[in-house]
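Below is one structure, written out as structure tokens; comments come after it.
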Amino acid sequence: MGLLLHGCDVAAVAGLGGTEPRSIFGLGHAAGEFTDGAMADALARAGHAPLLAPGEVVAWARAQGLASIVTPWAPIGWRRRNWDEACWPLAQRGFFPFRAEIPRLIAELQPFSP
């Protein structure tokens, strides 16, 4: 994911740690290591921004004097999208078994406007 901001837009940057809540099915070791590495790299590039636990976000925002926090919409919990519900259970054995399901998923879900 990319985020393009103007220098006047950003007052503070932090990362949200913890990969466990991402899936009700758990997270594989390799996927967890990849995610942790990507987050560490992003935070280092952002000037060694802190990695926060979910319970630390509000205190961090207050300490930074932030009036708002911008974050992408996470496809977990009660806010899942229809394609998350359809695709997530099929993505348990790597890409190639999942790939066989893609034509059916596109036909059923119609994620693109005609």
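State whether one or more residues within the range 95-102 are assigned to a loop (DSSP other than H, G, I, E, B), at pLDDT 80 or above and charged (D, E, K, R).
Yes.
Are any residues in the range 47-73 part of a loop (DSSP other than H, G, I, E, B), in contact with a Gly (Cβ under 7 Å, 6 or more places away or on another chain) and exposed (fewer than 12 other Cβ atoms within 10 Å of the Cβ), and if so, which ones?
Matches in the range 47-73: 53 only.
Any residue that is of a type outside the set (A, V, I, L, M) and either modelled with pLDDT under 80 or touching a Lys or Arg at 6+ places or on another chain (Cβ under 7 Å) (or both) - is there at least one of those in the range 8-16?
Yes, the range 8-16 has at least one match.
The values are calculated or read from the model by the stated rules, or taken from the named source; none is laboratory data. In this text the structure is predicted, and so the values were computed from the model without any measurement. With ideal geometry, Cβ positions are generated from the backbone for all residues, glycine too; neighbour counts draw on all protein chains shown.
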